[in-house]
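Asker: Sharing a structure with you now.
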Amino acid sequence: MGSADGVKREAGGLSRRALMQWGGALGLGLAVSPWRALQAAAMSATGSGTPEDPLDLRIGEQHLAIDGRRVTAVTLNGQLPGPLIRLREGQDFVARVHNHLDEPTSIHWHGILLPAGMDGVPGVSFAGIRPGTTFTYRFPIRQHGTYWYHSHSGMQEQRGHYGALIIDPAEPDPVACEREHVVVLSDFLPTDPHRMMTRLKQQSDADNFQKPTLLSLVDEARQSSWRAAIRNRLDWAAMRMNPSDIADITGHSYTYLLNGQASDAPWEGRFAPGERVRLRIINAASMSYFNVRIPGLPMTVVQADGQNVAPVTVDELQIAVAETYDVVIAPEVDRAYALFAESMDRSGYACGVLSPRPGQRAEVPALRAPPRRTMVDMGMAAHAGHGASSAESGPAHPGHAPITADAHAGHVPDAASHAHHGAGAAPSSPPDRGPGPIVARHGPDTHGPGNTGIAEIQRNRLAEPGTGLTDVGHRVLVYTDLKRLAHDFDDRPPAREIELHLTGHMTRYLWSFDGRKFSEAPEPIPFRYGERLRLVLVNDTMMEHPIHLHGMWLELENGQGRHIPRKHTVSVKPAERLSALITADAPGDWAFHCHLLYHMDLGMFRIVRVG
């Protein structure tokens, strides 16, 4: 998963017997690709992660060539991404992490249920790992699926500090495939991340080269009228935004990587025609959503955030920062396919090749036209339009408007045909992609000077495919598709409800919950140990936010009844109101934050205290 040179260095001294032993241990009935075998061997050189043979991870800096440039990256055991760690449900995991950097570091095991002291968030669950010291992580493995690990220190993720973590189930895996590949998507920043933060504070849209111009104003006026076009511009100006504000940092600054490789030297994965191939897709980016597709091949989604889901077949999916999706493909033709991950703002892409033989190439799709924010994203009552419900005509609530009963259930009437495709089946044509129904209005609280706008009209947007994917003409995964297979739903009704608003000030580049950044926040959010509660999230900004709760599952109320999906990260669309159920079964202090790295660092972060 790292550069080819890095893998060769780690595996070079291993015998054929060692390679075969690791291939057998990790295969579990699957054919292991040469890349997977080398990655497994690389990990074996530093320990298996058991108490008898702890895994050693050495974090340091290394000069690498990325996209034709020589850069300094943060690596683990000399690799970017770090070593693929493969464990089994039920084992005890032990990892010794050695810090060879000249600054503190850490490892957070993303999505893993573990004791609070092992969660790896400096200042919340432990003190961090100082330069020249070693910290030992030790915890039982209580789950299975596709996960990942990354730094929670110094914005090191976008310099290379991340890796894949795969946990095989104790019971037979319900997903039967002949081969699998781990696909790690990321955005690499070749410069100092703190300089980028300063740049964003000085001009939040400095990286946006798709801003509206006078010429585009003329085009808008031709399509509607001068009055409507000017009114539209004034509305956006009042929100301190413009319709092209899709990503804070774009392909102008980032290099997009797939398994550590840029598109000039794409990663290659093998298949044999007729095989079922499992792709474990991880978005390890710091700030970038990706739209993933394989032109000419449908993908059947079988797992989300490490949890098995009822199979659903799509042609494309949008993966938020920190999410994971497992998909199964079944190529029948002896030809190469492009594994294409287009950044959501369409300023660049990461790309790999799936092929029967080395050296084959596939046609890479052209970047599509950049998407634009809409009045629905703005959440303005004057432009509510399509998708109105009874909440639209009702009075504003005195406080933060409670979500309706239908919205708690994730009820999206016009998405019913797409809510579940069955076991791998799919509709013959894409469903209507209009905006989701209005479920509430915002109350009078504008969240103070730390926030520049509110979503007057709040929608249930779980059946929408994501920015830029409304009119693509093919099947796109939506949250209402996700239906967990496990029969382990906690039937207790939630005893209470906590509502949080995602807020920000784009001009000052500040991010927060309820208008207060972390340094201004009150005491930790209290959860009572063992309680069942509902968390309501309202996005008052016009950007997507992937919200991550450490230590516990978020059970997204998406209309699937007792089979609502468990997720560790939930993407909240602009002007969206959604809810998730939580069983507070993990005592201790836990981080709760937006997983856009700069948003978290600049205030969209809280602590949840259980107990």
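Asker: Expressed in nm to one decimal, what extension gain is obtained for the pair Ala265 and Ile498 from 0.36 nm per residue of sequence separation less their Cα-Cα distance?
Answerer: 79.1 nm
Asker: Output the Kirkwood hydrodynamic radius of region 48-128, Cα pairs only, in Å rounded to one decimal. Intermediate results must be reported in sequence, preceding the final value.
Answerer: Values: mean 1/r = 0.0699 Å⁻¹.
It works out to 14.3 Å.
Asker: Taking 7 Å along the Cα-to-C-beta vector as the label spot, tell me the Ala176-Glu52 distance in nanometres, rounded to one decimal.
Answerer: Each label point is offset 7 Å from its Cα along the Cβ direction, giving 3.3 nm.
Asker: Shape of region 142-200 from its Cα gyration tensor (a ≥ b ≥ c, root eigenvalues): rounded if a/c is under 1.5, otherwise prolate when a/b > b/c, or oblate? Before the final figure, lay out the partial values.
Answerer: On the way: a/c = 4.89, a/b = 2.68, b/c = 1.82.
Prolate, since a/c reaches 1.5 and a/b exceeds b/c.
Asker: Hey, could you get me the Stokes-Einstein D for region 504-577, Kirkwood radius over alpha-carbon pairs, 25 °C and 0.890 mPa s, rounded to whole µm² s⁻¹? Let's see the in-between values first.
Answerer: Numbers: Rh = 14.3 Å.
This corresponds to a translational diffusion coefficient of 172 µm²/s.
Asker: Under 19 Å Cα to Cα from Lys517, which aspartates and glutamates show up? Leave out anything in the same chain fewer than 8 places away.
Answerer: Of all the aspartates and glutamates, those that pass the test against Lys517 - Cα under 19 Å, at least 8 places apart if same chain - are Asp248, Asp445, Glu499, Asp540, Glu544, Asp589, Asp601.
Asker: Where the centroid of each part is defined by its Cα atoms, how far is region 237-307 from region 355-380 in Å?
Answerer: Going from one Cα centre to the other spans 9 Å.
Asker: Okay, moving on. Quick check: the distance between the Cα centres of region 47-116 and region 546-580, to the nearest angstrom?
Answerer: After rounding, the separation between the Cα centres reads 28 Å.
Asker: While we're on this one: Which three lengths, in whole Å and largest first, does region 479-608 cover when its Cα atoms are put on their principal axes?
Answerer: Ordered largest first, region 479-608 gives principal extents of 46, 32, 22 Å.
Laboratory data are not the source of any read-out in this text; all were calculated from the coordinates shown. These figures come from a predicted structure and were not determined experimentally. Glycine also receives a Cβ, built like all others from the backbone with ideal geometry; neighbour counts cover every protein chain displayed.
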